[in-house]
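The structure under discussion appears below in the form of structure tokens.
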Amino acid sequence: MTTQPMLELNNGVRIPQLGFGTFRVDEAQTQRVVETALEVGYRHVDTAAGYYNEAGVGAALRASGLPREEVFLTTKLRNGDQGHDRALRAFEDSRAALGVDVVDLYLIHWPVPAKGLYKETWRALEKLYADGAVRAIGISNFLPEHVEDLLRDAEVTPAVDQIEVHPSFQQRDAQRAATDAGMVVEAYAPLGQAEDLALPGVVAVAEELGVTPAQVVLRWQLQQGRVALPKSVTPERITTNFDVLGFELDEAQMATLDGLDSDVRMFPDPRTAQFTQFRD
């Protein structure tokens with residue numbers, strides 16, 4: 001298996017560029033699915049308290065027998081746990097569920113601007129970072145105005161902004177705000193929840209190269225310098241999604257995918273989203 005590319009975060013920590021996403025992976029399936037991903041070669045797993053599958057991710061990591069330092073582990077704070085003290089307690093719950101001493105990357109999952117707590121929450125993440133409980137801290141779903149506001153008072157610049165990016169929704173302004181501040185952009189829903197795989201431009205490039213549409217889109221994500229977090233529960237797709245290192249898109253093929261942006265979200269608007277992520 002070809003060694004996958006790594007990116008260096010703004011604090012020197014290295015992150016595998018191709019990660020395995022676990023959004024909407026059922027608790028009962030999580031250990032099996034993540035074990036499969038680790039067997040295939042993934043060394044970066046992304047979860048969240050709001051996914052309610054952290055325990056399964058941790059179980060898979062232990063069952064894999066891989067040294068802890070070989071797997072980059074990300075989790076995220078639930079919206080309803082924002083606030084300084086509450087965030088610190090929530091992190092301990094996540095750390096216990098995962099069964100690890102140190103989390104590689106911890107994110108504020110959504111800005112929830114209506115609550116006005118993300119700056120206070122960021123101070124809690126800065127404390128976790130200073131205490132060595134996390135190797136890097138970052139944000140998710142933060143738009144340019146949220147990034148600008150957070151940076152006015154932040155002592156530590158976020159290492160990443162994890163946002164929705166796929167061919168039909170590229171969020172170039174949000175990407176630019178993150179990279180201009182020194183953050184790596186992480187693309188969640190990198191395949192557009194599979195809907196983008198049917199776009200004629202994607203299909204045409206896949207046929208040119210003799211690869212799958214998913215491989216084309218993931219290769220496009222990597223060549224543009226983003227971390228990509230594909231998710232699947234099917235072993236065959238988990239395997240093929242990882243097999244994107246043996247080919248490249250040329251300039252024209254990259255331009256084809258760049259031209260597919262329709263500026264239509266598939267996920268909530270971070271300006272208005274304020275769900276707690278707690279179960280009913």
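Structure above, values below:
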quantity	calculated
Test: residue in the range 112-130 that is touching a residue at least 12 places away in the same chain (Cβ under 8 Å) and in contact with a Lys or Arg (Cβ under 7 Å, 6 or more places away or on another chain)	yes
Whichever residue in the range 203-251 is among the basic types (Lys, Arg) and farther than 25 Å from ARG32 by Cβ and, among such residues, is nearest to the chain's Cα centre (by Cα)	ARG226
Positions within the range 230-254 being hydrophobic (A, V, I, L, M, F, W, C) and not in a loop (DSSP other than H, G, I, E, B), in sequence order	ILE238, PHE242, ALA252, MET254
Residue within the range 164-175 that is on the phi > 0 side of the Ramachandran plot and either touching a Gly at 6+ places or on another chain (Cβ under 9 Å) or free of Cβ contacts under 8 Å to residues at least 24 places away in the same chain (or both) present	yes
Residue match in the range 256-267 (condition: among the hydroxyl-bearing types (Ser, Thr, Tyr), in contact (Cβ under 8 Å) with a residue 24 or more places away in the chain, within 25 Å of GLN29 (Cα to Cα) and not in a loop (DSSP other than H, G, I, E, B))	no
Hits in the range 119-141 (condition: assigned to a helix (DSSP H, G or I) and touching a strand residue (DSSP E or B) at 6+ places or on another chain (Cβ under 6 Å))	THR121, LEU125, LEU128, TYR129
Given (1) crowded, with 22+ Cβ neighbours inside 10 Å; (2) touching an Asp or Glu at 6+ places or on another chain (Cβ under 7 Å), index of the condition TRP110 fails	(2)
Odd one out for GLN162 among (1) part of a loop (DSSP other than H, G, I, E, B); (2) closer than 30 Å to VAL205 by Cα	(1)
Residues that are touching a Gly at 6+ places or on another chain (Cβ under 9 Å), in a loop (DSSP other than H, G, I, E, B) and crowded, with 24+ Cβ neighbours inside 10 Å, drawn from the range 43-81	THR47
Looking only at the range 207-234, and only at residues there that are among the small types (Gly, Ala, Ser) and touching a helix residue (DSSP H, G or I) at 6+ places or on another chain (Cβ under 9 Å), the one that is surrounded by the most Cβ atoms within 10 Å (Cβ to Cβ)	ALA228
Any hit, the range 235-247, residues being closer than 18 Å to VAL185 by Cα and in contact with a helix residue (DSSP H, G or I) (Cβ under 9 Å, 6 or more places away or on another chain)	no
Per-region count, the range 126-185, residues under 16 Å from GLY116 (Cα atoms) and among the hydrophobic types (A, V, I, L, M, F, W, C)	7
Criterion violated by VAL203 - all others in (1) out of contact with any strand residue (DSSP E or B) (no Cβ under 9 Å at 6 or more places or on another chain); (2) surrounded by 16 or more Cβ atoms within 10 Å (Cβ to Cβ); (3) more than 30 Å from GLY182 (Cα to Cα) satisfied	(2)
Top-ranked residue of the range 165-202 - restricted to ones that are among the β-branched types (Val, Ile, Thr) and in a helix (DSSP H, G or I), ranked as nearest to the chain's Cα centre (by Cα)	THR179
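Since every read-out is calculated from the coordinates, none of them should be taken as a lab result. The shown structure was predicted, so the numbers you read here are calculated from the model rather than taken from an experiment. Using ideal geometry, Cβ is built from the backbone for each residue, glycine included, and neighbour counts are taken over all protein chains shown.
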